[in-house]
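Before any comments, here is the structure.
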Amino acid sequence: MVDWRRNKVQQLLVRGYSQWDVVEELQIDQSTVSRDVQYLRHQARIISNEVGALICKRFSSKGSGKGREM
């Protein structure tokens, strides 16, 4: 149930809904939406850091990369 709600919150926010619009649409408390947004931001940071680390690892394992185009 929590995963479904968080996914729905994310979908609505991506579509341009404000947090208050999400509250009204899903009929849930504003503090719940706020916590879900905080959780989603945290997850996005984790994913971003992991992708960045993978990119750095990939390019560092290829050598210095001088003279190469991306």
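The values are calculated or read from the model by the stated rules, or taken from the named source; none is laboratory data. This one's a predicted model, so the numbers in the text were calculated from it and none came from an experiment. Here the Cβ positions follow ideal geometry from the backbone for every residue, glycine too, while neighbour counts run over all protein chains shown.
Annotations for the structure displayed:
- Identification of helices (runs of 4 or more DSSP H) wholly contained in the chain with 1 or more residues that are among the basic types (Lys, Arg) and at pLDDT 95 or above yields 2-14, 30-60.
- Among the residues of the stretch 1-29, those that are closer than 18 Å to residue 43 by Cα, surrounded by 11 or more Cβ atoms within 10 Å (Cβ to Cβ) and charged (D, E, K, R) comprise 5, 6, 8.
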